[in-house]
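Take a look at the structure below.
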Amino acid sequence: MKPGFPILLVMVASLSAWAAEMHAPAQVTAGTSLAIATNGSGRGTFYLIGPAKVSKRDIQMGSQISVDADELERAGRYLAILCASDGCTATNFSVIAAAPNRLSLLVHPSRVPVAMSNGITTVAFVFDNFRNLVLKSAPVEFTILPKDGSELRATRQSEHGVAWVTMTSARKEGITRIGASVGHASEVRVVQQVASDACNLRIKASRVNRELLVETDPVRDCSGNPVPDGTVVSFTMTDMGGKTTVDVPIKRGIAKITMPIKGRARISVASGVVTGNDLEVTGG
Amino acid sequence: MKNVLAVFIVLATGLFVVLAWFQSGGGERRQMRSASTPEQAARFLLSEIQDRNFERAYEQLANRSDVDKKTFIREFNGSDGSLLTYASLETFDVWGLRTDAQEASVRARLHYTTAVGPLDDVRDIKLERRGETWKVLWPVNPTPKLPPQVIPVNYLRWDVINPRDGDDWGVQSVDSPQVRIISMNAISRPDSVVLVGEVVNEDSVPAYVNVGATLLDASGAELAQESSFDKISHTLLPKQVSPYRIDFPNLRLERVKKVRMDVKALLESASADPVIEISQQKIETDPLGKQVLSGQLVNESGQVVNIPHVIAAYYDSNGKVIWVSDGYVAQALLPQVPVPFAVDLPAEVAKNVHSYRVVVNHFNTTAQT
């Protein structure tokens, strides 16, 4: 073979590579495959640089480059580069989020006192199947299911992937379920609406054998809700024997304790920072 | 010459052995065994207890027939997971109170080292003369026993379900409990600054609470940072109030311009049981002449409380917290059995105390189901 022949081949090949071009669409939906047309001839190398993935492969110039759907799951700007023996050419395109199909739902707080104005904040973040935030406005349906009431619904358009509602807690204690749904996705959170501090805390005493039974009236907040069981009520008795204190949790709505008593005694009651009535009793 | 050196070495060795024996208390022990005085008899008994020779200590008692050996050993060795099971008698002091021809009484202060720090116990011991020696008359206190029975316990228990590793973002946890410091008072002590006050759990769930504080000087620079450590009841049920105390050793209050309080609360699985009654509380002077707040604890539930911890808040006439003191109780709380307690109160504080409030914290050394 004459030495000038390979050099000619290389020159021809370089010319054809220089003429190579790529044609990619400006925008693609996440999770869909893509075909990028090329021209020219010979072998080349194709690079795809995305927000979360980089790939490289050898291709035949002049044919279509097929990019699989799983390579385009993350929304964002992608850069496609085609390199042949004489140089590289590049193009970029956007991958946008697919249809809304997932939700992240944040409800705060998880426990709220009853009748608290704008006390519950519910925020829904709208995502597609591939966890891309869907920036396009989409209707999000919020539902509120009180413990003993009918379901309430409200729809809000998401803005930049976020939709939210604020609401006032119910006047009655108990669990309420707050949900949000978009596409095929729905999420539910539980908010516990709890009674406020005890209101009008009162005790009464009666004699049981040789001891004194001291018990509260049913402990309720100022809205009439029963203060939850387990809430501590502190009884303090001062008599000739000294002072006696007992922290008693409320059980079935009331707190009670039996105490031995010597002579005259004064009994007081408190729950947290709330104080109740005092009793003067005389023992044996 | 060679023999003289050998004799000298043997004599010197013998001398050192004798010196070492005296140094290790051998002479004292021998003197104590003779128990020719009430103090010596009490010291001998306590030294046997210190060496954990409970059998030999028991043999020293004058009234062995009245004292149950196991009960005697339990008094020093602990039982039911009590603090004494994690303690050893480190030192003791004995001094005479009264002596006549046949009877005497001495006072002993026992100093234990325990898992939670030092613990002092003061006991008055009676002795009687038996021939040439004195023997200890151990007090016969029949331990109250609760008849076998079933005590139904149906108080609430709270469990917490936390988010798991594989959960999506946005599967939120439940909120931390709402707790609030309801009072704080900075007190100047001769060698320290002390912060005392109270904290309340305002929430409807139990909270694990810790209170910390940072002292700042006039330029805003940090002087010291401390936490309440064990001078607080960490587990607070809904609406429960606990005193707290934070000690800043080697600091003067004059240097402190600002105090930054920090209360941390975490959700905690807890039970409303056991309920502990604190009865017969009174401020009195103990046998050593110190002011103490004493009383007795009664475990109202059916489970044993291994290590009770008493925390007391003292208020002045304006209702301000002026001191917080605490103390561990050596005995476990068996159901319905009263156990005495006493916590120290500084004399200069005692004269200003108008009222007080006591809470009981407890630690269990065995898992409860």
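Looking only at residues in region B:119-143 that are touching a Pro at 6+ places or on another chain (Cβ under 8 Å) and in contact (Cβ under 8 Å) with a residue 40 or more places away in the chain, which one is nearest to B:Gln331 (Cα to Cα)? Across region B:119-143, the extreme among qualifying residues is B:Val122. For region A:260-284, a residue qualifies if it is at negative phi and not in a strand (DSSP E or B), and the qualifying residues are A:Ile261, A:Lys262, A:Val273, A:Gly276, A:Asn277, A:Asp278, A:Gly283, A:Gly284.
Cβ-Cβ contacts under 6 Å between residues 6 or more apart (or on different chains), taken from a first residue in region B:212-239 that is surrounded by fewer than 16 Cβ atoms within 10 Å (Cβ to Cβ) to a second residue that is not in a strand (DSSP E or B), are listed as B:Asp217/B:Arg255; B:Asp217/B:Lys257; B:Ala218/B:Lys257. In the set (1) more than 10 Å from every other protein chain (Cβ to nearest Cβ); (2) hydrophobic (A, V, I, L, M, F, W, C); (3) under 30 Å from B:Leu216 (Cβ atoms), the condition left unmet by B:Val292 is number (3). Assess whether A:Ile175 counts as being within 13 Å of another protein chain (Cβ to nearest Cβ) and under 29 Å from the mean Cα position of the chain (by Cα). In short, yes.
Suppose we filter B:Glu268, B:Glu284 for residues that are surrounded by fewer than 19 Cβ atoms within 10 Å (Cβ to Cβ) and in contact with a Pro (Cβ under 6 Å, 6 or more places away or on another chain); which single one remains?
Numbers: B:Glu284 fails: in contact with a Pro (Cβ under 6 Å, 6 or more places away or on another chain).
On inspection, the qualifying residue turns out to be B:Glu268.
Condition check for B:Leu345 on (1) more than 14 Å from chain A (Cβ to nearest Cβ); (2) surrounded by fewer than 20 Cβ atoms within 10 Å (Cβ to Cβ); (3) modelled with pLDDT of 90 or more: one failure, at (2).
Within region B:144-155, none of the residues are at pLDDT below 90, within 30 Å of B:Ile49 (Cβ to Cβ), part of a strand (DSSP E or B) and among the basic types (Lys, Arg). Just one of the listed residues (A:Val227, A:Val208, A:Val233) is under 33 Å from the mean Cα position of the chain (by Cα) and among the β-branched types (Val, Ile, Thr), namely A:Val227.
If you check B:Ser183, B:Ser204, which single one turns out to be surrounded by 14 or more Cβ atoms within 10 Å (Cβ to Cβ) and not in a strand (DSSP E or B)?
Details: B:Ser183 fails: not in a strand (DSSP E or B).
Checking each option against the conditions leaves just B:Ser204.
Figure legend. Inter-residue proximity from region A:154-180: first residues under 23 Å from A:Asp221 (Cβ atoms), second residues among the basic types (Lys, Arg), beta-carbon distance below 8 Å, spacing 6+ or different chains. Indicated pairs: A:Lys172/A:Lys147; A:Gly174/A:Lys147; A:Ile175/A:Lys147; A:Thr176/A:Lys147; A:Arg177/A:Arg189; A:Ile178/A:Arg189.
For a quick check of your reading: which strands (runs of 3 or more DSSP E) sit entirely within region B:237-289 and have at least 1 residues that are more than 15 Å from B:Val310 (Cα to Cα) and within 14 Å of chain A (Cβ to nearest Cβ)? Write out each step before concluding.
Working: elements: B:241-249, B:258-267, B:276-285.
Per the criteria, B:258-267, B:276-285.
Which members of region B:349-364 meet the condition of being more than 14 Å from chain A (Cβ to nearest Cβ) and either at pLDDT 90 or above or closer than 26 Å to B:Pro142 by Cβ (or both)? If you could, list the steps in order and put the result at the bottom.
Residues of region B:349-364 more than 14 Å from chain A (Cβ to nearest Cβ): B:349-352, B:363-364.
The answer is B:Val349, B:Ala350, B:Lys351, B:Asn352.
Output the residue which, of all residues in region A:221-259 that are more than 20 Å from A:Asp278 (Cβ to Cβ) and assigned to a strand (DSSP E or B), is farthest from the other protein chains (Cβ to nearest Cβ). Here the answer is A:Pro226. Total residues in region A:114-129 satisfying the condition of being in contact with a strand residue (DSSP E or B) (Cβ under 6 Å, 6 or more places away or on another chain) and either buried (at least 21 other Cβ atoms within 10 Å of the Cβ) or over 18 Å from B:Asp203 (Cα atoms) (or both): the figure is 10.
Please go through region B:45-67 and give me each residue that is outside any helix (DSSP H, G or I) and of a type in the set (A, V, I, L, M), ordered by number. Quick ask: steps written out before the conclusion?
First pass over region B:45-67, keeping only residues outside any helix (DSSP H, G or I): B:51-53, B:60-67.
Within region B:45-67, B:Leu61, B:Ala62, B:Val67 qualify.
The values are calculated or read from the model by the stated rules, or taken from the named source; none is laboratory data. Given the structure is predicted, the values throughout are model-derived calculations rather than measurements. Reconstructed Cβ throughout: ideal geometry from the backbone, glycine too, with neighbour counts over all protein chains shown.
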